[in-house]
Amino acid sequence: MQQCPSCSYELTMQEQVDNPDSCPKCGIYFEKFLAKQAALKEAALSESGRTGGLAGAKAGMRQARAKRAEQERELADSRSKPTHVSVVNFDVPFWDLVRFLVKFVFATIPAAIIVTLLVYGFASIVSVIGMILR
Ligand SMILES: [Zn+2]
C-alpha cells in the first residue's frame, strides 16, 4: 500500500493504477517531493548550506538529480552488458600450480566415489523395475 510522504494519505489500488506518481489528495509528485526533502537535508548538513538556504537546497537538489541519473545509467549499463567473463591470460607460480593439481587429483577421489554410488543406485533401480515388469 502506497502512502503519500507529504500528507500521509493512503492511496487506494485504483488510484495507484491511475496515477502512480502523484498524490490525489494534495497533488504532490512523490519523486519530486522526496528529491526536495533529500536535497534540503543535504543542504542543511553541508557547508554550502550556509551561503543561503534556498540556493543551497537548489544545488543539493541538482546534485541529487545528477546522482540519480547516474545510478539509472549504471543500472541500464549493467543490464545490457553480457555477464560472461573471458580469461585472456593468467600467471600462476609453478609450485602453486602443483599444489592446485595435487588438490585437484585428491578431490577426484570422493567425486569418483559419489558418481560410482549414483551409477550403482540408478542401475539397481533399473534392475528392480526390470524384475517387477518381468
Ligand atoms: Zn498527499
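Here, each number is a calculation from the coordinates, and none is a lab measurement. Nothing here was measured: the structure is a model prediction, and the numbers come from that model. Cβ coordinates were reconstructed from backbone atoms using ideal geometry, including for glycine residues, and neighbour counts include every protein chain displayed.
How compact is region 92-134 by the rule of thumb for globular proteins, expressed as Cα Rg over 2.2 N^0.38 Å?
So the Cα radius of gyration is 2.02 times the expected 2.2 N^0.38 Å.
Could you grab the relative contact order for region 13-80? Cα pairs under 8 Å, six or more apart, rounded to a whole percent.
After rounding, I find 22 percent.
Going by alpha carbons, how many degrees (0 to 90, nearest 10) lie between the helix axis of 30-45 and the longest principal axis of the chain?
Around 80 degrees separate the two axes.
Run the helix sum for the chain: -39,500 (n - 2.57) per DSSP H stretch of 4+ residues, divided by residue count, reported at 222 nm to the nearest 500 deg cm²/dmol.
-23500 deg cm²/dmol
In Å, the Kirkwood hydrodynamic radius of the chain over pairs of distinct alpha carbons? Before the final figure, lay out the partial values.
Numbers: mean 1/r = 0.0446 Å⁻¹.
Final number for the Kirkwood radius of the chain is 22.4 Å.
Which order, highest average first, do 7-17, 86-96, 119-129 follow once you tally other Cβ atoms within 10 Å for each residue and take the mean per peptide? Can you show the working numbers first?
On the way: 7-17: 12.2, 86-96: 6.2, 119-129: 10.0.
By packing density, highest mean first, the sequence is 7-17, 119-129, 86-96.
Separation of region 96-134 and region 67-92 by C-alpha centroid, Å?
When both Cα centres are located, 38 Å separates them.
Using the Karplus curve 6.51 cos²θ - 1.76 cosθ + 1.60 with θ = phi - 60°, what ³J(HN,Hα) values do you get for each residue of region 96-107, in whole Hz, with x for Gly and Pro?
My calculation for region 96-107 gives 5, 5, 4, 4, 4, 5, 4, 4, 4, 4, 5, 5 Hz in order.
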